[in-house]
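Read-outs: derived from the displayed coordinates by stated rules, not from any lab. All figures in this text were calculated on a predicted structure; none of them were measured in a lab. Here the Cβ is made from the backbone with ideal geometry for all residues, glycine too, and neighbour counts use every protein chain on show.
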Amino acid sequence: MLPLITLSHLTLTLSIFLSSTDAHVFIYGGCSQDKYPPNSPYEPSKISLLSSLASSSSRTLYDATAVANDTASPPDSAAYGLYQCRGDLSPHECASCIAGAINQIAVLCPDTYGASLQLDGCYLRYERADFLGRLDTGLRYRKCGVGGNVDGEFWRRRDDVLADLGGAAGFRVSATGAVEGYAQCLGDMAAGDCSECLAEAVAKVKMLCGAAAAADVFLAQCYVRYWESGYFTSSSSSESSNGDDVGKTVAIIVGVVVGVALLIVFLSFCRKACG
Ligand SMILES: *[C@@H]1O[C@H](CO)[C@@H](O)[C@H](O)[C@H]1NC(C)=O
């Protein structure tokens, strides 16, 4: 019984660890209803749009572009798209995240004119209509964590973090005491649009998630995420700096589990052989 409990605990620890650090983890995705027909001129435009975004992602964390949107191009061939990587990723990590997003979006939305995909580390969207640079504060995804330490102190710190994140321009990480979070707007948003989007996201967090110990609210052009320290694991709080500690912890847990398993195998073997 004991090794089973330990093993399932290990699996849980690993999956939580990955979901808080792996940029490729799926958050949400959506496909347009309409699909393009076979041999549509949209398909080559889409392919060229995505390959242009993919190559851009090794240089910059945000880019938006259009393909075949001039009057000389055949009708139904224009494609518009953008991506945004999380502000703490390196260009190399960004490129890897976007490459993963392009693969996932092809599986998720084959032959659709529009699609969007949010992974932990990056966002990708394309459409046949020009959506670039238009303010959109529509809700795309939300998730409220369960439970939490809902005393007055937690509320105060949570609201401090949300207030700080609401003032972000671009990407911001915030932490006060036991609450941590980050927020991000799309890279080309005007400061006023970014604040408007974040204010809406913060209002949605409070309205939809109440006193949750963790919450994620993704609007079309910005998002806000916060969690109570230790909500994911005791070490998920600073995603970049303590990878070594997490690695050591995992190695120790693996070592202990393997050790206990070997001991049990040995003891049961011994009971038969020695007894
Ligand atoms: C094509 O799209 C880009 C990006 O939205 C825009 O800047 C440009 O003006 C468009 N070109 C035409 C001819 O509409």
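Observations on the model:
- Based on every Cα atom in the range 88-203, Rg and the maximum pairwise Cα distance Dmax equal 16.5, 50 Å.
- Viscosity 0.692 mPa s, 37 °C: Kirkwood-radius Stokes-Einstein D of the range 106-164 over Cα pairs, µm²/s: 213
- Basic side chains Lys and Arg get +1 at the Cβ, acidic Asp and Glu get -1 at the Cβ, and with that the dipole of the range 20-127 about its Cα centre reaches some 60 debye.
- Spin-label model, residue 130/residue 146: points 7 Å from Cα along the beta carbon direction are separated by 4.8 nm.
- Remark: the residue 191-residue 262 segment gains 19.6 nm on full extension, using 0.36 nm per residue and subtracting the alpha carbon distance.
- The trypsin sites (Lys or Arg not before Pro) of the range 87-173 that meet both conditions, a loop assignment by DSSP and at most 15 other Cβ atoms within 10 Å of the site Cβ, are 134.
- Packing, taken as the mean count of other beta carbons within 10 Å per residue, orders the peptides 105-118, 81-94 from highest to lowest as 81-94, 105-118.
- Each listed q (0.24 Å⁻¹) maps to a log10 I(q)/I(0) for the range 20-127, found by the Debye formula over equal Cα scatterers with no solvent: -1.27.
- Exposure proxy for 71, 176: other Cβ atoms within 10 Å of each Cβ, ordered fewest to most, give 71, 176.
- Length available on full extension from residue 24 to residue 111: 0.36 nm per residue minus the Cα-Cα distance, which gives 29.1 nm.
- The range 135-240 - Rg (one decimal) and Dmax (whole number), Cα, Å: 12.9, 39
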